[in-house]
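I have placed the structure first, in the form of structure tokens, so that the comments after it can refer back to it.
The values are calculated or read from the model by the stated rules, or taken from the named source; none is laboratory data. Source: prediction; values computed, not measured. Cβ coordinates were reconstructed from backbone atoms using ideal geometry, including for glycine residues, and neighbour counts include every protein chain displayed.
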Amino acid sequence: MDARQNLKKYFGYDSFREGQEKIINAILAGRDALAIMPTGAGKSICYQIPAVMLPGITLVISPLISLMMDQVKALNEAGIRAAFINSSLSEAQIAKALQLAEKGVYKIIYVAPERLESHYFIHFAHRADISMITVDEAHCISQWGQDFRPSYLKIIEFVKSLPKRPIVSAFTATATQEVKTDILCVLNLIEPEVVVTGFDRKNLFYSVEKRKDKDRFVIEYVEKHAKESGIIYCATRKNVDNLFTLLSKQGVSVTRYHAGLDKEERKRNQDDFIYDRTPVIVATNAFGMGIDKSNVRYVIHYNMPQSMESYYQEAGRAGRDGETSQCILLFSAQDIMINKFLLENKDFSDLSSEEIEIIKQRDARRLKIMENYCRTNGCLRNTILDYFGEKVIKPCDNCGNCMKDYKKIDMTEEAKQVINCVAETRGRYGLTIVLGTLIGANRARLKEVGTNRYKTYGALKKYSESQIRELIYELINQGYLIQSEDQYGVLKLGDISKLQDENTHVILKVTEEKIQEAGKLKGK
Ligand code: ADP
Ligand code: ZN
């Protein structure tokens with residue numbers, strides 16, 4: 001039976017989706033493989049079908065116990081013999097499972113990465129016929145990945161210790177260039193087939209709204225789209241409750257979801273939303289895992305999320321049916337403070353101080369990238385795709401920024417002043433001080449550090465602070481300035497040689513904050 005017949009037999013599907021067949025064929029030909037596909041694209045089948053067809057056992061290394069259990073249950077129901085081995089089982093249960101595994105009862109065994117260090121397990125692995133090691137959520141191997149897991153670094157030692165090297169395949173939904181390189185290197189994949197399927201969701205219209213009155217925006221939006229199904233994500237439970245009450249008072253048919261509600265209510269509210277009894281749900285990011293509702297017409301983020309990975313995944317719950325849908329992010333500077341607070345208070349128990357430091361740096365960096373998404377005047381879709389490592393050339397002409405009306409102003413002379421100022425600071429200060437200095441603000445802090453005596457002090461005093469801020473962001477985007485990625489955000493000179501050419505201009509696009517009318521959407 002070939003791969004396609006197995007797809008039909010075990011999963012009931014007639015054809016493969018983009019990328020699946022290429023990965024499966026490579027594995028069946030005995031090659032290593034790396035697949036980078038967005039969530040929901042169908043990664044599991046890419047290793048499950050080869051697992052059925054290869055002679056021995058496939059070990060799937062997966063970080064989440066709950067995910068393992070779901071997968072194993074589904075596989076057994078489909079008629080594929082599978083098991084999991086993790087800390088939810090007793091010693092006796094594990095011994096029993098390994099005994100059966102050694103006899104060849106299972107085709108697929110899910111294990112947590114920690115298990116690879118267990119003496120029992122290694123003993124078993126050395127005697128069993130292992131055809132393939134599959135690394136699920138492979139980005140966990142990278143310190144740049146969303147969930148770096150030190151135990152993932154043990155995988156390669158484990159593979160090396162086996163008497164015969166099995167095929168190694170890796171899967172992830174999040175892969176920037178850095179993560180991808182890390183996976184390939186750390187896992188030591190040998191001439192792998194690498195498949196990256198598109199992250200572009202063409203039917204999603206991304207926009208960022210900088211509104212003082214977020215509540216009003218949400219009420220108006222929801223009322224205008226009364227019959228449509230939508231998710232509104234908030235950063236905190238308190239925000240969820242407030243917004244939920246507000247919308248309810250307005251007579252909107254709305255429900256809510258967050259970890260503070262008891263299990264029964266969560267289930268009930270979730271079902272009300274999924275089965276279209278309540279079109280709108282206000283939720284924290286606890287909502288959405290494993291939910292496959294096709295007709296969600298909009299996802300509004302009441303607060304900026306903490307990373308592009310989260311944003312892509314949450315916004316991506318809109319438009320699963322391929323119909324035009326909106327992903328709106330309501331941004332305010334306060335969101336940065338809220339997120340910093342949430343990150344500061346993250347639970348770091350069980351981690352060494354070294355690991356905590358790594359994770360904190362990474363979190364700060366990811367937050368900064370998300371902030372840049374909110375502040376950019378460039379194409380939003382391209383900002384996302386670029387982040388996930390997809391090459392982009394032209395603006396999409398179909399996102400909030402591409403469709404905004406801009407006035408273009410030549411700010412080349414002003415840009416040179418900014419650069420002079422940063423040169424004067426000798427790369428010691430952050431945005432606030434540079435900004436204050438340029439507009440000639442009368443602030444104690446500037447006197448303290450002495451920038452009020454700079455040549456550039458007050459050089460741009462006819463501009464507002466926000467205009468110069470935009471300019472500085474543009475200069476960072478274009479690489480003339482570099483901002484450190486730690487919490488200080490110190491500004492240093494980048495490559496400014498281009499500016500010496502008199503044909504180079506720095507053009508700032510100035511927006512006249514226009515409301516994106518739904519009717520302006522392309523294809524409507
Ligand atoms: P991922 O791991 O990439 O997030 P999953 O493997 O969980 O995605 O698959 C998402 C959904 O798509 C599952 O319900 C799966 O059964 C379905 N699916 C996968 N491959 C196909 C296919 N070739 N045709 C139809 N549905 C598929
Ligand atoms: Zn665009």
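Conditions (1) surrounded by fewer than 23 Cβ atoms within 10 Å (Cβ to Cβ); (2) modelled with pLDDT under 95; (3) not small (G, A, S), marked per residue:
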position: V135; (1), (2), (3): no, no, yes
position: H139; (1), (2), (3): no, yes, yes
position: Q146; (1), (2), (3): yes, yes, yes
position: P150; (1), (2), (3): yes, yes, yes
position: K154; (1), (2), (3): yes, yes, yes
position: E157; (1), (2), (3): yes, yes, yes
position: V179; (1), (2), (3): no, yes, yes
position: D182; (1), (2), (3): yes, yes, yes
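S248 falls short of the stated requirement of being away from ligand 1 (no atom under 16 Å from the Cβ), on the phi < 0 side of the Ramachandran plot, of a type in the set (S, T, Y) and under 21 Å from the mean Cα position of the chain (by Cα). Residue count for the range 9-50 satisfying the condition of being more than 15 Å from A138 (Cα to Cα), within 11 Å of ligand 1 (Cβ to nearest atom) and at pLDDT 95 or above: 7. Can you say whether S66 is free of Cβ contacts under 8 Å to residues at least 40 places away in the same chain and small (G, A, S), as far as the supplied structure shows? In short, yes.
Please tell me if K391 is without any contact (Cβ under 8 Å) to a residue 60 or more places away in the chain and either within 16 Å of ligand 1 (Cβ to nearest atom) or closer than 28 Å to H139 by Cα (or both). Judged against the criteria, K391 is a match. Of all residue pairs spaced 6 or more apart or on separate chains, none has beta-carbon atoms under 8 Å together with a first member in the range 41-53 that is over 15 Å from S131 (Cα atoms) and a second member that is within 16 Å of ligand 2 (Cβ to nearest atom). Looking across the range 59-85, the residues that are touching a strand residue (DSSP E or B) at 6+ places or on another chain (Cβ under 7 Å) and at pLDDT below 90 come down to M68, M69. Residue-level check: of (1) of a type in the set (A, V, I, L, M, F, W, C); (2) more than 21 Å from P55 (Cβ to Cβ); (3) touching a strand residue (DSSP E or B) at 6+ places or on another chain (Cβ under 8 Å), A95 misses just (3).
Considering only residues that are outside any loop (DSSP other than H, G, I, E, B) and of a type in the set (D, E), look in the range 368-418 and name the one that is farthest from V434 (Cα to Cα). Outline the logic, then answer.
Just the residues of the range 368-418 that are outside any loop (DSSP other than H, G, I, E, B), to begin with: 368-375, 380-387, 406-410, 412-418.
Keeping just the survivors that are of a type in the set (D, E) gives 371, 386, 410, 413-414.
Values: E371: 19, D386: 29, D410: 21, E413: 16, E414: 13 Å.
Across the range 368-418, the extreme among qualifying residues is D386.
In the range 262-285, the residues that are in contact (Cβ under 8 Å) with a residue 40 or more places away in the chain and surrounded by fewer than 21 Cβ atoms within 10 Å (Cβ to Cβ) reach residues that are of a type outside the set (S, T, Y) and not in a helix (DSSP H, G or I) with C-beta atoms within less than 8 angstrom, at least six apart or across chains, in these pairs: D276/N295; T284/C234; T284/A235; T284/H258; T284/A259; N285/P305. The residues of the range 311-334 that are assigned to a helix (DSSP H, G or I) and in contact with a helix residue (DSSP H, G or I) (Cβ under 8 Å, 6 or more places away or on another chain), listed by number, are Y311, Y312. Report yes if some residue within the range 385-407 is away from ligand 2 (no atom under 16 Å from the Cβ), surrounded by fewer than 17 Cβ atoms within 10 Å (Cβ to Cβ) and over 22 Å from K202 (Cα atoms); otherwise report no. Within the range 385-407, one or more residues are away from ligand 2 (no atom under 16 Å from the Cβ), surrounded by fewer than 17 Cβ atoms within 10 Å (Cβ to Cβ) and over 22 Å from K202 (Cα atoms).
Kindly evaluate F84 against the criterion of being in contact with a helix residue (DSSP H, G or I) (Cβ under 6 Å, 6 or more places away or on another chain) and crowded, with 17+ Cβ neighbours inside 10 Å. Show your work before the answer.
Details: in contact with a helix residue (DSSP H, G or I) (Cβ under 6 Å, 6 or more places away or on another chain): yes; crowded, with 17+ Cβ neighbours inside 10 Å: yes.
Taking the combined requirement at face value, the residue satisfies it.
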